[in-house]
Amino acid sequence: MGVNRSHSPVSAAYRGTLNPPTVPRAPSPGWRRGSSGPAFARRALCVATVALSSACANQSPWPGDAVAYIVAGSRPGVSLASPSGDGERTIAYERARIERIRWSPDGSSLAVAGSGGTLSVFRADGSSTRRLIDDDIVYMKAWSPDGARIAFAHPTGSASKADAETLVVELETGIRTVLLRNGVDPTWSPDGRSLAFERCVNLANGIDCDIWRADADGTHARAIVTGPTIDMTPVWSSDGRHVAFERLPSGASSAVVGLANADGSDAHVLSPGLPTTGGIRWSPDSAHITYERQVGVVGRGTWIVAVDGANDRQFLASGCDLDWSPDGARIAYQEPCITGAGGVFVAAADGTNPRMLVERGSSPVWRPARR
């Protein structure tokens with residue numbers, strides 16, 4: 001997540017990256033190969049801004065397995081690629097840089113947050129689109145487990161995270177309600193019953209943040225990880241038993257990876273002495289955590305550690321924004337981790353057999369298993 005650890009502004013708390021073109025792939029119905037001909041314009045570009053393009057009406061059935069990623073350039077957009085390399089398809093364009101994309105829990109839709117203050121939802125098959133927020137400060141975080149709401153952070157005054165709140169917008173009605181009056185980075189537990197989030201207070205010399213837990217509707221909030229450290233960006237394990245987070249020890253300049261039980265007990269540092277720049281991800285089996293570290297002056301790489309702290313090692317020398325396939329057998333990631341210069345790769349779960357999926361793209365997210 002890239003934050004300023006001492007005076008953490010909300011506007012710096014959500015990383016967004018970008019990029020476009022593609023590598024030619026084998027043809028497949030509804031996918032593109034190369035970049036020419038009316039069939040390409042008719043079938044491959046399902047373009048949406050606020051209203052859906054009519055070219056989407058006769059779109060071929062959508063394949064089950066897919067990786068979504070951000071494209072950049074004069075027309076920022078979102079594309080989908082077949083993990084097997086069979087082709088790519090652009091499903092949406094936005095009017096400004098795209099900051100973040102997230103699949104709905106059922107894998108049917110993508111939420112897209114733009115730097116122009118927009119939040120939209122696009123059906124992956126191109127059948128519909130909806131603009132939920134058109135001109136506001138939006139830092140999209142997560143879908144609710146039932147797919148009915150999307151949570152996002154919103155500043156209420158200053159740029160400090162201590163003055164931010166989390167809202168949810170209902171997909172059906174577009175109505176926004178406050179979920180957490182003082183709290184950011186919410187993440188729902190896998191069973192949908194609880195929220196873990198970050199709550200901060202302003203201090204004379206900076207800011208202090210702790211990990212809190214609440215019921216799914218934001219009620220009954222209580223601190224679960226506290227202390228003289230700055231603890232932030234909680235991430236539930238896939239089995240719901242643990243919460244991983246970034247911890248900035250008192251007086252330190254770099255954060256490390258922390259881990260606690262779901263109730264906050266046994267909070268400890270998982271990677272002592274190894275700084276992280278964020279990007280914490282759990283493997284689908286909850287056995288490993290991946291996280292990012294700075295490599296060189298501007299690059300990032302990915303490390304992996306077992307949940308018991310064993311075998312902490314470099315995983316991707318210059319890859320970042322890693323996402324696991326639903327079955328845990330493969331990963332997708334961006335490489336190199338430099339804005340405007342990265343491509344999307346897929347590899348085996350252990351990082352072997354990497355293969356470029358698209359030549360230019362960023363922030364890949366694997367489609368969830370269809371329910």
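For the ranges 285-291, 71-77, 180-186, what's the packing order if you count other beta-carbon atoms within 10 Å of each residue, average per peptide, and put the highest first?
Details: 285-291: 19.9, 71-77: 17.0, 180-186: 22.7.
The packing order, highest mean first, is 180-186, 285-291, 71-77.
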Exercise for the section: Give the calculated FRET efficiency between Ala252 and Ser128 to the nearest 0.05, with a Förster radius of 51 Å applied to their Cβ-Cβ distance. Expected result: 0.60
Practice task
For Glu359 and Val178, calculate 0.36 nm times their separation in residues minus their Cα-Cα distance, and state this gained length in nm to one decimal.
Solution key: 61.1 nm
Problem - Computed over the stretch 257-304, Cα set: Rg, Dmax in Å - result: 12.0, 38
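Bear in mind these aren't lab numbers, they're just calculated from the coordinates by the rules spelled out. From a predicted model like this one, the values you see are computed outputs, not experimental measurements. In this analysis, Cβ positions are derived from the backbone assuming ideal geometry, glycine residues included, and neighbour counts consider all displayed protein chains.
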